[in-house]
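Here you go, one structure.
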Amino acid sequence: MADVAERAGVSAQTVSRVANGSPRVDPATRARVERAMADLGYRMHRAARALRTGQTSTIGLVVSTLATVGNSRMLQAISEAAAERDYALAVVTVGERGIREAFARLRSQGVDGAVVLNEATELARDTEPPADLHLVVVDSPPDARFSIVQTDHAGGARAATRHLLDLGHPVVHHLAGPARSFAAAERERGWREALAEAGVAPPEPVRGDWSSASGNAAVRRLADATAIFVANDQMALGALRALADAGRRVPEDVALVGFDDIADAAEFRPPLTTVRQDFDALGRRAVAALVEAIEGGAPVAETVAAAVVTRSSSGVA
């Protein structure tokens with residue numbers, strides 16, 4: 001730091017401010033210091049900074065599985081958002097020993113806080129989190145113990161269901177996610193609300209486990225459906241396969257809408273109409289809320305909008 005200060009012609013305190021992203025440095029001085037850092041190969045020593053500040057600039061991510069597309073997309077989004085703020089990321093999965101063990105592993109790594117993702121949120125709600133571990137939970141009912149960031153699952157599901165009703169389908173069936181999933185419950189709620197607003201009695205939903213195979217198996221129980229709202233794109237892919245095997249054309253015989261807008265949704269046959277989740281925005285907001293909590297801010301609750309992306313799989317009745 002002294003070498004950088006000498007090269008840039010500033011004080012060591014100014015170098016520290018630049019290294020820590022402080023706004024209290026004018027742009028010309030910041031640029032001069034950053035050039036000196038680059039010339040000398042200077043890097044912040046995280047361990048030394050942790051000893052001085054009591055913070056490691058490392059955040060954790062608690063996840064039940066990384067096998068689902070949504071969780072993998074969130075991992076990427078949170079990793080990129082953390083890197084933009086110069087935070088490292090430690091990932092732990094909830095194994096047989098439960099979420100308490102996951103929290104303990106993170107605390108042993110000295111993380112400043114953690115994001116709890118999707119299916120792991122139910123475990124976090126049912127457990128008293130460590131008092132010294134700041135948490136942001138992705139997809140959860142209101143809870144004063146931590147910040148919450150979530151997609152407007154119900155709003156997206158309402159829009160998807162209305163889209164199918166507006167195409168002239170008298171009723172929209174639902175291929176739902178797991179019963180204990182908050183996101184699945186919210187998407188089912190939005191579907192029910194849209195049908196109620198249209199004066200349509202909701203048929204009994206069938207359930208899958210988010211996987212393509214479960215969507216293939218579940219949709220076979222909807223032999224009379226002309227319109228199906230599927231709780232995620234992976235199950236919609238399985239539904240497309242099952243419908244094709246049964247000789248039912250999409251969208252001519254059955255209109256289909258998914259949820260997530262995964263990267264391959266436009267490459268399905270036919271291209272899938274779906275509800276787009278903004279995973280990048282979710283990741284940025286989750287990391288921002290966590291950093292704010294680490295720095296002493298109050299818990300927040302934020303909702304990210306979801307919108308229907310219309311493609312070829314939804315057609316007129």
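Rule-based calculations on the coordinates, nothing more; no lab input. Small disclaimer: the values here were computed from a predicted structure and weren't measured. A quick note on method: Cβ atoms are made from the backbone with ideal geometry, for glycine too, and the neighbour counts reach across all protein chains shown.
Kindly identify the chain as rounded, prolate or oblate by the Cα gyration tensor criterion: order the square roots of the eigenvalues as a ≥ b ≥ c, call it rounded if a/c is under 1.5, otherwise compare a/b with b/c, prolate if a/b is larger, else oblate.
It is prolate, given that a/c is not under 1.5 and a/b is the larger ratio.
Something else about it: What is the magnitude of the charge dipole of the range 153-278 about its Cα centre, with +1 placed on the Cβ of each Lys and Arg, -1 on the Cβ of each Asp and Glu, and no other charges, expressed in debye to the nearest 20?
Dipole of the range 153-278, to the nearest 20 debye: 260 debye.
Separate question: Under the 0.36 nm per residue contour assumption, what length would be gained going from the current alpha-carbon distance of Arg145 and Asp166 to full extension?
Full-extension gain reported as 3.4 nm.
Continuing with the same structure: Between Asp209 and Ala301, what is the label-point separation in nm under the 7 Å Cα-to-beta-carbon projection?
3.2
While we're looking at this one, here's another question. So how much slack lies between Arg221 and Ala246, counting 0.36 nm per residue of separation and subtracting their Cα-Cα distance, in nm?
Contour length minus Cα-Cα distance gives 7.8 nm.
Net charge near Ala289, counting Lys/Arg +1 and Asp/Glu -1 over other residues with Cβ under 14 Å of its Cβ?
Local charge sum for Ala289: -2.
May I pose another question? Any chance you could get the radius of gyration and Dmax over the Cα atoms of the range 70-218, in Å?
Computed over the Cα atoms of the range 70-218, radius of gyration and Dmax are 18.3, 57 Å.
How would you classify the range 153-278 from its alpha-carbon gyration tensor, with a ≥ b ≥ c the square roots of the eigenvalues: rounded for a/c under 1.5, else prolate if a/b is greater than b/c, otherwise oblate?
Cα axes put the range 153-278 in the rounded bin.
Once you list every other residue whose beta carbon is under 11 Å from the beta carbon of Asn232, what net charge do they have if Lys and Arg are +1 and Asp and Glu are -1?
Result for the local shell: -3.
Another question, then. Could you give the nm distance between label points at Arg180 and Leu66, where each point is 7 Å from its Cα heading toward the beta carbon?
2.3
Using modelled backbone amide H atoms (1.01 Å from N, in-plane), which distant-in-sequence or interchain residues come within less than 5 Å of Leu61's amide H?
Residues meeting the amide H criterion: Ala90, Val91, Val92, Val115.
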